[in-house]
1. Return the residues of the range 124-144 that are of a type outside the set (Gly, Ala, Ser) and over 19 Å from PHE378 (Cα atoms); say none if nothing qualifies.
2. Filter the range 192-214 for residues that are of a type in the set (D, E, K, R) and over 18 Å from ASN152 (Cβ atoms); which is nearest to the chain's Cα centre (by Cα)?
3. Scan the range 291-345 for residues that are more than 19 Å from ARG386 (Cα to Cα) and in contact with a Lys or Arg (Cβ under 7 Å, 6 or more places away or on another chain) and jot them down.
4. Across the range 370-384, what is the total count of residues that are in contact (Cβ under 8 Å) with a residue 60 or more places away in the chain and outside any loop (DSSP other than H, G, I, E, B)?
5. Which of the following residues is surrounded by fewer than 18 Cβ atoms within 10 Å (Cβ to Cβ) and not acidic (Asp, Glu): LYS325, LYS336?
6. Within the range 113-137, which residues are among the hydroxyl-bearing types (Ser, Thr, Tyr), touching a residue at least 60 places away in the same chain (Cβ under 8 Å) and within 26 Å of PHE200 (Cβ to Cβ)?
7. Looking only at the range 185-222, which residues are farther than 25 Å from GLU33 by Cβ and aromatic (Phe, Trp, Tyr)?
Amino acid sequence: MELNDDQKTLQDWVHGFALNVMRPVAHEWDEREETPWPVIEEAAKLGIYSLDFMANAISDKTGISMMLVLEELAWGDAGLCMALMGTTLGVAAIMANGTPEQQMEWIPRCFGTPEDIKLAAFGVSEPDAGSDVSALRTRAVYDEASDEWVLNGTKTWMTNGGIANVHVIVASVDPSLGSRGQASFIVPEGTKGIRMGQKFKKMGIRASHTAEVVLEDCRVPGSCLLGGKDKLDDKLARVREGKKATSQAAMATFEATRPAVGAQAIGIARAAYEYSLDYAKERKQFGRAIIENQGIAFKLADMKTRIDASRLLVWRAAWMAATRKPFLNGEGSMSKLYAGETAVKVTEEAIQILGGYGYVRDYPVERWHRDSKIYTIFEGTSEIQRLIIARAISGVHIR
């Protein structure tokens, strides 16, 4: 239950970056609602935004190191964290669905170098298909004559959408098969037929770029189909025969990233808890520190308990994923569900502890509360997580 020396060193190093680089500019970039290139450049210079750093963190056999990194970065600021980590969504999709050759070719291109920084994006959600992944309308049609896939459709809520150098797009190859008839495609930089639609003005994580991506007769080489055409044809044939597909393009990515989303939520919650604890010790009302009142002290006790419980759920799920233990009871979804709702609850209580000061933008807790809410929505809403857990524990196809 104790971190090893390497993990402690990693945690301290990333915490220093969050404290010294991210926190001083977090309010500024939240207000600007722009991609924080100076922060990304500094992270690349230090080696935090790089393939080597991510690979080393992910390769930890306990699965914990990446969770430590994400918690500390989100403790620094969730919007800046997403600006730094949005690329990993595309990387996770390539890792989950690509061949070894595709992984070696494309994952380095997602990060670039400190002198030539690149970004990646992952597109699943659509204007009419959020939680219902089986309802995707984006189509991919194979042109055998040119060995190209032609993509048409609109993706929405994409982190780095339209500004990324590498887009990974989930599209329907056979709509009659629902989510089992989908595949993932890489759209390389400079490809014609892909453009950014509207950029969203969000409630929280505003330093992270979120936009629509429109695909209009967007042609990509056959080699950009993740996993390859033979594997896709084999999967589709099995499904048409009534057999179970080995994987679904979108779900394979989400399963890998749910504990990571939970770790970010913990970082936000921890930031709010620490701030409100310090405030409660210093703030005096009626001649004593407000923490001496049970009404405040009990809030802080519950906040700390929920944060620690969330972290244990996230670490368990990360360990299970790293050691290839199946999520028989929806453990990945448990971690994301509880951590996300903890972030909302803890940041709300932090505002209550600060009173009027918690509600104004001169203090960071209102930003943390705005940032927290998305963690109960993206990469599967809390309701979808409960559905996954309920199906796993019951064996019943609950709707």
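The values are calculated or read from the model by the stated rules, or taken from the named source; none is laboratory data. Keep in mind it's a predicted model, so treat the numbers as computed, not measured. Glycine also receives a Cβ, built like all others from the backbone with ideal geometry; neighbour counts cover every protein chain displayed.
1. Going through the range 124-144, the residues of a type outside the set (Gly, Ala, Ser) turn out to be 124, 126-128, 132-133, 136-139, 141-144.
Listed by number, the residues that qualify are ARG137, THR138, ARG139, VAL141, TYR142, ASP143, GLU144.
2. Here the residue is ARG206.
3. Those that are more than 19 Å from ARG386 (Cα to Cα) and in contact with a Lys or Arg (Cβ under 7 Å, 6 or more places away or on another chain): ILE291, ILE307, ALA322.
4. Qualifying residue count for the region: 8.
5. From the options LYS325, LYS336, the qualifying one is LYS325.
6. Keep residues of the range 113-137 that are among the hydroxyl-bearing types (Ser, Thr, Tyr), which gives 113, 125, 131, 134.
Applying the additional criterion that residues be touching a residue at least 60 places away in the same chain (Cβ under 8 Å) yields 113, 131.
SER131 - this is the single residue of the range 113-137 that is among the hydroxyl-bearing types (Ser, Thr, Tyr), touching a residue at least 60 places away in the same chain (Cβ under 8 Å) and within 26 Å of PHE200 (Cβ to Cβ).
7. Once the filter is applied, which keeps residues that are farther than 25 Å from GLU33 by Cβ and aromatic (Phe, Trp, Tyr), the range 185-222 yields only PHE185.
Residues are listed down the side, and each one gets a yes or a no for (1) assigned by TED's automatic domain parsing to the domain that holds ARG139; (2) of a type in the set (D, E, K, R); (3) over 20 Å from GLY112 (Cβ atoms):
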{"residue": "THR191", "(1), (2), (3)": "yes, no, no"}
{"residue": "ILE205", "(1), (2), (3)": "yes, no, yes"}
{"residue": "SER208", "(1), (2), (3)": "yes, no, no"}
{"residue": "VAL214", "(1), (2), (3)": "yes, no, yes"}
{"residue": "PRO221", "(1), (2), (3)": "yes, no, yes"}
{"residue": "ASP230", "(1), (2), (3)": "yes, yes, yes"}
